[in-house]
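K.L.:
Below is the structure I would like to discuss, written out as structure tokens.
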Amino acid sequence: MDYIITDAQTSPVHLADQYSEKLAFLPNTFFIGDHMRMFPHLKERIIMADSTNPGGNVQDNVAVINAVDIDPLKDVAHMTQVIMEGKHKDEAVKANVTVAELSTTQGINSMILNGQLQTSVNGVNIQNGLATQINAKAATGEEIPDQIMVTTRQQYGLPDDAVVYCNFNQLYKIDPSTLKMWVNILNRVPNSVMWLLRFPQVGETNIHVAAQQMGLKNGKLIFSNVAAKEEHVRRGQLADVCLDTPLCNGHTTGMDVLWAGTPMVTLPGETLASRVASSQLCTLDLEELVAKNPQDYENIAVKLGNDKEYRRAIRAKVWDGRISSPLFDVRVYAKDLEDLVYKMFEKFRKGEKINHITQ
């Protein structure tokens, strides 16, 4: 093989000795996801609110409604625009979110509590976000869901008022040094939890035991079952921050959580597998979430947990960047790939020696 198609962040030239191939750089991350077309119902999230409980701060990731067509909601809820504002480098960063204020959320709460598939709110069907069996092809991402779906922290046993860190990778990616960093972060951020998957199920007990031996306080780890693709991506909206696994990053998992609007903290190493998440973040123009060392990783995660203004600002940047950056733009990716392959062919046609293509 002559070339490996990659990018300057994932495979910098100073690490070229990691590869037998020559490096061929795309201008943005080499890793692409078609989330914008597979999950268009997640382009917008609507915050569910109850008119019987007015006031208080609006939280954009406790109870969320998603749908391709939100018009039916307008008949049963008072729809308003709310500005979520945070501070970033002494500047205000704003994101507009939609709030659906229902006359009561009792029916929806009862549906979730009793495990019902769906409920009706004044004639409008609302689907339980856990009821993915209603449409198997939508659950796997083969079709776009046409239902109005509600996703809440209550469904997964997550505290409404907690800072929720998450990682949805397979548990084998969690080495002792990574777990120790997570323990330190959780102990430094009051009222925080770490949301993990039973991936595999037998790993849950081992993680609990190892974390407690490292000094983690009780009740800080929450596990959920592995879900079908659509639910897996959609429930990422409920987390505040994703803590990446440095040894082997989230690749597709990283794209999933970023499409859900959740920022990710990573610590790149020297291997390709340890640098993919940083490439994704750089494409989002969020290099500040790419740590330089383990202590920096912890400090970034702790700041996101303890500084609400900063967390809101970073979440707003991720939410906007999903659409405005090239990260999920498959048309831009296809054009960049065509251009790169053409450069390879031109070098071959001219009889030039195979070498890195970095521009």
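K.L.:
What does the helix-only formula give at 222 nm for the chain: each DSSP H stretch with n ≥ 4 adding -39500 (n - 2.57), the total divided by the residues, and the result rounded to the nearest 500 deg cm²/dmol?
P.N.:
-9500 deg cm²/dmol
K.L.:
Would you work out which of G305, T245, G86 lies farthest towards the positive end of the dipole of the chain, given +1 charges on the beta-carbon of Lys and Arg and -1 on that of Asp and Glu, about the Cα centre?
P.N.:
T245
K.L.:
Is there a quick way to get the dipole size of the range 1-126? I mean about its Cα centre, with the Cβ of Lys and Arg at +1 and of Asp and Glu at -1; what is the value in debye to the nearest 20?
P.N.:
160 debye
K.L.:
So, one more: What dipole magnitude, in Debye to the nearest 20, does the range 206-276 give about its Cα centre under +1 on Lys/Arg Cβ and -1 on Asp/Glu Cβ?
P.N.:
Around 180 debye, computed over the range 206-276.
K.L.:
Straight distance only, please: which aspartates and glutamates reach the Cα of K87 with their own Cα at less than 12 Å, same-chain residues fewer than 8 apart left out?
P.N.:
D307, E309
K.L.:
At 0.36 nm per residue, minus the direct Cα-Cα distance, what do R349 and D146 gain on full extension? Give it in nm, one decimal, please.
P.N.:
Contour length minus the Cα-Cα distance gives 68.1 nm.
K.L.:
What is the sum of charges, Lys and Arg at +1 and Asp and Glu at -1, for the other residues whose Cβ falls under 15 Å from the Cβ of A273?
P.N.:
Net local charge, A273 excluded: -2.
K.L.:
What are the equivalent ellipsoid semi-axes of the chain, built from the alpha-carbon gyration tensor (square roots of five times its eigenvalues), in whole angstrom, biggest first?
P.N.:
Equivalent-ellipsoid dimensions as semi-axes: 36, 25, 19 Å.
K.L.:
Right, next: What whole-number volume per residue, in cubic angstrom, does the convex hull of the C-alpha atoms of the range 294-338 give?
P.N.:
Spread over its residues, the Cα hull of the range 294-338 gives 79 Å³ apiece.
K.L.:
Can you pull a Stokes-Einstein diffusion coefficient for the range 1-155 at 25 °C (0.890 mPa s), Rh from Kirkwood over Cα pairs, as a whole number of µm²/s?
P.N.:
Reported coefficient: 131 µm²/s.
K.L.:
In vacuo Debye scattering of the range 150-201, one point per C-alpha: log10 I(q)/I(0) at q = 0.15, 0.32 Å⁻¹?
P.N.:
For the range 150-201, the Cα-only Debye profile gives -0.48, -1.23.
K.L.:
Let me ask something else. Please compute P(r) over all alpha-carbon pairs of the range 243-331, binned at 5 Å starting from zero, and give each bin as a whole-number percent.
P.N.:
Result, from short to long distances: 3, 16, 27, 26, 19, 8, 2, 0 percent.
K.L.:
Additional query: Can you spot the lysines whose alpha carbon is less than 21 Å from K137's alpha carbon? Ignore those fewer than 8 places along the same chain.
P.N.:
K137 reaches K43, K229.
K.L.:
Here is a further query. Assuming a strict under-27 Å limit between Cα atoms, what lysine pair count do you get for the range 236-359 once near-sequence pairs (fewer than 8 apart, same chain) are dropped?
P.N.:
11
K.L.:
Give the value in nm², to one decimal: projected area of the alpha carbon convex hull of the range 1-74, averaged over all directions.
P.N.:
8.9 nm²
K.L.:
Can you give me the % of accessible surface on the chain that is carbon or sulfur? Probe 1.4 Å, all protein chains present, nothing else counted.
P.N.:
Carbon plus sulfur share of accessible area: 50 percent.
K.L.:
Which values of log₁₀ I(q)/I(0), to two decimal places, follow from the Debye formula for the range 1-42 at q = 0.27 Å⁻¹ with a uniform point scatterer at every Cα?
P.N.:
After summing over all Cα pairs, the log10 values are -0.88.
K.L.:
Under the 0.36 nm per residue contour assumption, what length would be gained going from the current alpha-carbon distance of L247 and D50 to full extension?
P.N.:
Additional length available on full extension: 66.6 nm.
K.L.:
Please give the FRET efficiency for K137 paired with D90, using the beta carbon to beta carbon distance and R0 = 41 Å, rounded to the nearest 0.05.
P.N.:
It comes to 0.30.
K.L.:
Now for a different question. For the pair H14 and K43, what calculated FRET efficiency results from E = 1/(1 + (r/R0)^6), where r is the Cβ-Cβ distance and R0 = 41 Å, to the nearest 0.05?
P.N.:
0.60
K.L.:
On alpha carbon coordinates alone, what is the Rg over Rh value for the range 173-240, Rh being the Kirkwood radius?
P.N.:
Rg/Rh for the range 173-240 comes to 0.97.
K.L.:
Put +1 on the Cβ of each Lys and Arg and -1 on the Cβ of each Asp and Glu in the chain; which of M264, A210, P27 then has its Cα farthest toward the positive end of the dipole?
P.N.:
Highest projection toward the positive end goes to A210.
K.L.:
Just the Kirkwood number for the range 87-179, please: inverse of mean 1/r across all distinct Cα pairs, in Å, one decimal.
P.N.:
Hydrodynamic radius (Kirkwood, Cα pairs) of the range 87-179 is 16.7 Å.
K.L.:
While we're looking at this one, here's another question. Can you give me the relative contact order of the chain as a percent, contacts being Cα pairs under 8 Å and 6 or more apart?
P.N.:
Computed over the chain, the figure is 21 percent.
K.L.:
Follow-up question, since we're still on this one. Averaging sequence separations of C-alpha pairs under 8 Å and six or more residues apart, then dividing by the length of the range 116-223, give the relative contact order as a whole percent.
P.N.:
21 percent
K.L.:
Measuring from label point to label point, each 7 Å out along Cα→Cβ, what is the Q116 to V226 span in nm?
P.N.:
3.2 nm
K.L.:
Right, another one. Excluding V330 itself, what net charge comes from residues whose Cβ is under 12 Å from its Cβ, given Lys and Arg +1 and Asp and Glu -1?
P.N.:
So the surrounding residues net to 0.
K.L.:
If you plug each phi of the range 346-357 into the Karplus form 6.51 cos²θ - 1.76 cosθ + 1.60 with θ = phi - 60°, what whole-Hz ³J(HN,Hα) values come out, in order, with x for Gly and Pro?
P.N.:
For the range 346-357, the Karplus-derived couplings read 4, 4, 5, 4, 7, x, 6, 5, 5, 8, 4, 10 Hz, x marking Gly and Pro.
The values are calculated or read from the model by the stated rules, or taken from the named source; none is laboratory data. Every value quoted in this text rests on a predicted model; they were computed, and no experiment measured them. Counting neighbours? That spans all protein chains shown, and the Cβs are built from the backbone with ideal geometry, glycine included. Areas reflect the complete protein model, heavy atoms only, side chains present, ligands, DNA and RNA absent. Shrake-Rupley method; radii C 1.70, N 1.55, O 1.52, S 1.80 Å.
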